[in-house]
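This report refers to the structure that appears directly beneath it.
The values are calculated or read from the model by the stated rules, or taken from the named source; none is laboratory data. None of the values given here were measured: they were computed from a predicted structure. As a convention, Cβ positions derive from the backbone with ideal geometry for all residues, glycine included, and neighbour counts pool all protein chains shown. Ligands, DNA and RNA are stripped out before the accessible areas are found, and what is left, the full protein with its side chains, is counted by its heavy atoms. Shrake-Rupley method; radii C 1.70, N 1.55, O 1.52, S 1.80 Å.
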Amino acid sequence: MSWPPRRAALLLGLFVVGALAGVAAARPGGGQSYSGGGHSYSGGGGYSSGHSYSGGSYSSSNSGGGSLSAGAALGILFGFAIMIVIIAVVQGAQSNAYTSALTAPTPPPRLDLQPLLSRDPDFSRVAFEDFAYRLYSESQRARHARDELIKLAPYLGAGAFDGLLRRASRVEQVVIGNLRIIQVGAELAGTRTKVVVAIEANLAGPSGTTNALERWTFLRAPNVTTRPPERTRTFACPNCNAPFASGETWRTCAHCGTDIETGKFDWTVDAIAVDAETSVGQTLTGTVEEVGNDFPTLIEPEAQERLMQLRQDDTAVTWDAFTARVAMIYARLNSAWNAQELAPVRGLVTASLLQYLQYWIDEYKRQTFANKLEEARISHIALAKVTRDKWFDAITVRVYADGLDFTVDKEQRVVGGSRSNRRAYTEYWTFIRSSARRGPVTVDPKCPNCGAPLAISNAGVCTHCN
């Protein structure tokens, strides 16, 4: 697909409201790499990549073996909401020719979450990465003003808070390319549980765009357990759940008077390590070779077994029904991208992915370009991974597809790609739904609650049944 410039594997997930929904993440056309230059990589890997920060659970990456990491607003909890994550992709000029110029990446050692799960059986990687994704975005956009950053104080330790303020330049747009958990363990002599998250993002502001590679360390008291996802969608006081406003000190809740100590009630960012910051451009013309389509799909060993368990729990979840849903989302997203109008797919993507796609549409418009992916078609869908926890079921698939991918200027002249040579690519999509959801996987875009034609407001609710 050619949405957000195939710039690379953004880990944006899509959360669909339908019975099994989902959409693609980072693939604007044009073939540029996410971080601003060089190869982009397509398809190939499964859960990690030898490049950049890919790897992990449901995330995508700008390399052939991108991992699948869930990172986007999780929104609605009913429906087999499909959170699709697109993995690294890049365009090539060959007509339907797969290439594999680089060595396929090998997966990293598997992350052992058992020490965390033994204390907190409700822990959900999907929900945690969504929380980390939103906190990162909000923190970067607030870092230029102390009063704005204080609104996030319950989730930022003193060191992280001060470090963000020192990076004082204004950030207006955050486009996360990768977010994944890289370490889980104990900290401070066992008095805190630690989770380290690696993040790659483009931070755009009045002074330009910066590609940042960062590691955020989250701490939480070992006796604290995961709150329901609906309690983590806003950054309220983690003790009383009221909108946070500082009281006696900047970390005291004005409503309940509680001092929000690091990790006392929920995950708190204790430290931020900035590994690199590089100024990048956003050139939306030209094309580069698609790399990684021939890399083997990395299939998690338990994928088939867990899919069968899911089907036993809900016999309506058949492979044919699921892939039909994937095809429907694929077609509607391509249509919306080509029209540069995302309202028709608002119910098929997470808020974060919608924001990401809108960012690239606006950038194309600003530069008086439009990217198209015409005659798009899926040739094959392969199972890669299945994850289940208390809150979510998630299915990750590798999508093999091709289409006419090109960019035109305001005179409709082609400035990148080709109107005649089909471009083949592969992407990883992750679809999620509430673990409490049961029922048919629909192939029509309609509300899974009331059955009316899908129409979702900016607040994320069905305009028919609310």
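I'm checking my understanding of the structure. Among residues of segment 227-251 that are of a type outside the set (A, V, I, L, M) and touching a Phe, Trp or Tyr at 6+ places or on another chain (Cβ under 7 Å), which one is surrounded by the most Cβ atoms within 10 Å (Cβ to Cβ)?
For segment 227-251, the residue satisfying everything is 244.
I need the full set of residues from segment 376-430 which are closer than 30 Å to residue 364 by Cα and in a loop (DSSP other than H, G, I, E, B), in order please.
410, 411, 412, 413, 418, 419, 420, 421, 422
Could you tell me whether any residue of segment 437-452 is within 18 Å of residue 316 (Cβ to Cβ) and either hydroxyl-bearing (Ser, Thr, Tyr) or in a strand (DSSP E or B) (or both)?
Yes, segment 437-452 has at least one match.
In contact with a helix residue (DSSP H, G or I) (Cβ under 9 Å, 6 or more places away or on another chain), among the charged types (D, E, K, R) and modelled with pLDDT under 90: is that true of residue 346 in this structure?
Yes.
Search segment 126-142 for residues that are within 24 Å of residue 390 (Cα to Cα) and of a type outside the set (Phe, Trp, Tyr) and pair each with any residue that is modelled with pLDDT of 90 or more and in a helix (DSSP H, G or I) when their beta-carbon atoms are under 8 Å apart and the residues are at least 6 apart or on different chains.
135/155
Need a quick list: strands (runs of 3 or more DSSP E) entirely within segment 169-233 having at least 3 residues that are small (Gly, Ala, Ser).
173-187, 192-205
Only residues that are open to solvent by less than 30 Å² (accessible area, probe 1.4 Å) and over 21 Å from the mean Cα position of the chain (by Cα): list them for segment 215-226, please.
The answer is 219, 220, 221, 224.
Could you say whether any residue in segment 315-331 is in contact with a strand residue (DSSP E or B) (Cβ under 6 Å, 6 or more places away or on another chain) and over 16 Å from residue 398 (Cβ atoms)?
Within segment 315-331 (the criterion being in contact with a strand residue (DSSP E or B) (Cβ under 6 Å, 6 or more places away or on another chain) and over 16 Å from residue 398 (Cβ atoms)), the answer is no, since none of the residues qualifies.
Is it true that residue 385 is more than 30 Å from residue 113 (Cα to Cα), touching a residue at least 12 places away in the same chain (Cβ under 8 Å) and open to solvent by less than 70 Å² (accessible area, probe 1.4 Å)?
So residue 385 does not fit the description; no.
Output the qualifying pairs, or none if there are none: Cβ atoms under 7 angstrom, residues six or more apart or on different chains, first residue in segment 296-321 and closer than 30 Å to residue 104 by Cβ and touching a residue at least 60 places away in the same chain (Cβ under 8 Å), second residue outside any helix (DSSP H, G or I) and among the polar types (S, T, N, Q).
Close Cβ pairs (under 7 Å, with a partner that is outside any helix (DSSP H, G or I) and among the polar types (S, T, N, Q)) do not exist here.
Does residue 410 count as out of contact with any Leu (no Cβ under 8 Å at 6 or more places or on another chain) and either among the charged types (D, E, K, R) or at pLDDT 95 or above (or both)?
Here the answer is yes, as residue 410 does meet what is asked.
Residue by residue, here is whether (1) under 16 Å from residue 325 (Cβ atoms); (2) open to solvent by less than 50 Å² (accessible area, probe 1.4 Å); (3) more than 19 Å from the chain's Cα centre (by Cα) holds:
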| position | (1), (2), (3) |
| --- | --- |
| 352 | no, yes, no |
| 373 | no, yes, yes |
| 396 | yes, yes, no |
| 413 | no, no, yes |
| 418 | no, yes, yes |
| 436 | no, no, yes |
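Out of (1) over 23 Å from residue 445 (Cα atoms); (2) crowded, with 16+ Cβ neighbours inside 10 Å, the odd one out for residue 366 is which?
(2)
Would you call residue 154 open to solvent by less than 10 Å² (accessible area, probe 1.4 Å), under 21 Å from residue 260 (Cβ atoms) and either assigned to a loop (DSSP other than H, G, I, E, B) or not polar (S, T, N, Q) (or both)?
Criteria met by residue 154.
Has segment 252-273 got any residue that is of a type in the set (D, E, K, R), open to solvent by less than 50 Å² (accessible area, probe 1.4 Å) and not in a strand (DSSP E or B)?
Yes, segment 252-273 contains a residue that is of a type in the set (D, E, K, R), open to solvent by less than 50 Å² (accessible area, probe 1.4 Å) and not in a strand (DSSP E or B).
List the pairs whose first member sits in segment 368-379 and is on the phi > 0 side of the Ramachandran plot, whose second member is surrounded by fewer than 16 Cβ atoms within 10 Å (Cβ to Cβ), and whose Cβ atoms are under 9 Å apart, counting only residues at least 6 apart or on separate chains?
Taking only residues 6 or more apart or on different chains, the pairs are 368/409; 368/410.
Within segment 280-287, is there a residue that is closer than 30 Å to residue 137 by Cα, open to solvent by less than 80 Å² (accessible area, probe 1.4 Å), modelled with pLDDT of 90 or more and assigned to a loop (DSSP other than H, G, I, E, B)?
no
Go through segment 315-348 and report how many residues are closer than 22 Å to residue 388 by Cβ, part of a loop (DSSP other than H, G, I, E, B) and open to solvent by 10 Å² or more (accessible area, probe 1.4 Å).
3
Can you tell me how many residues in segment 185-208 are in contact with a strand residue (DSSP E or B) (Cβ under 7 Å, 6 or more places away or on another chain), open to solvent by 20 Å² or more (accessible area, probe 1.4 Å) and over 25 Å from residue 126 (Cβ atoms)?
Adding up the residues that qualify gives 1.
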